[in-house]
Amino acid sequence: MKWFNTFLFVIFCTALFAQADAERLLGVWEPSNGKARVKIEKVGSKFYGKIVWLREPNDPQTGQPKVDKNNPDQALRTTPLKGFRMLKDFVYSGKNEWTEGTIYDPENGSTYSCVIKMKDDNTLDIRGYIGVKTLGRTDEWKRLQMTGK
Amino acid sequence: MKKTLYFQVQFGLFFALLFIFGGCVGETEVMKMTLKGVTLEAEGPLFSGSNTAQGIATPDLEGWLQSKNKTVQGVMDARLVSAVIYAQDSSSIQAISSMAMSFASDMLEMQSVGVLNPVPEGVSSVVVSVADKQKNTLAFLKQPVFTVLLDCDMPEDAEDNLLLSADLEFEITLKQ
């Protein structure tokens, strides 16, 4: 019986460790162009990222807050870009990688397959691609550091 | 004579195709299913900007169909046709400047289903404009549970929880 309790304890600790490992992705991140900041959060067991800050929050043509005007679904083109979920459905697959997700580019309304690789605790490689991973583009995102108290 | 035969063959082919495709498509029936009072909550304190109120929907599509003497195998399509958001306290709605609704599940890709921008002033309930493209709505309804997310843009900080309810109406298309 004792060995069974030990076995259960080991399983529990492993699951807890795996969850903590996956959740290192949570936080606010900035793409290399510095145009936006994206907050990654967890819903259920998957990870999603939404835009929480824009360097230029207003559309220069209208003077109004930017909306997702390139959305392929016309009914959703009034969705504000601030708060928009551009990273969707990422699952932690181990070895510092989150896969099975998509990234949306609001500048052209396209959605790409995407893999996130954590290079270190404060740096992500975000690779968007169509079809095969080799045909894609990688961008480096930096974790937004909280300053002061 | 040759011309008449040509037209006869054309007519024959036309009716044969009509019969074949007519048999495949069959007649359909559209029914409305409503998930009433789905509670959506965001825990306070909330900071200005985007905050997510979320809740769990339990559609029980199979049970609902059984009560109508239908089976889930007969369902061809489903789409969200109306989403009404309301709060006990109308100030909760007034604290939001825009909202975007999505469905999420561990088993399915997240689907954006509606948006309201801006939220009108002085109302206690609002109707979200629903998406035209809804490729996974039926798959969500077939789940025992799925998460409803409401991303709310709030112009000001709020101390309290944001507590809202949603009435979601779906159109279910069935083979007759």
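Listed values, structure above:
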item	result
Three principal axis lengths of segment B:22-148 [C-alpha, angstrom, descending]	55, 27, 26
Theoretical FRET efficiency, 1/(1+(r/R0)^6), r = Cβ-Cβ of B:GLU156 and A:TYR129, R0 41 Å, to 0.05	0.50
Sorted by Cβ density within 10 Å, fewest first, the residues B:LYS142, B:LYS32, A:LYS133, A:LYS50	B:LYS32, A:LYS133, B:LYS142, A:LYS50
Footprinting exposure proxy for A:TYR48, B:TYR86 (fewest neighbouring C-beta atoms within 10 Å first)	B:TYR86, A:TYR48
Residues A:THR79, B:THR52 arranged by fewest to most Cβ contacts within 10 Å	B:THR52, A:THR79
For segment B:82-165, Kirkwood radius (reciprocal of mean inverse C-alpha pair distance, Å)	13.7
Pair A:ARG77, B:GLU43: separation of 7 Å Cα→Cβ label points (nm)	4.0
Amide H partners (placed H, <5 Å) of B:SER82, local residues excluded	B:GLU169
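No value in this document is a laboratory result; all are computed from the given coordinates. This structure is a prediction, so every number in the text was calculated from the model and none was measured. Reconstructed Cβ throughout: ideal geometry from the backbone, glycine too, with neighbour counts over all protein chains shown.
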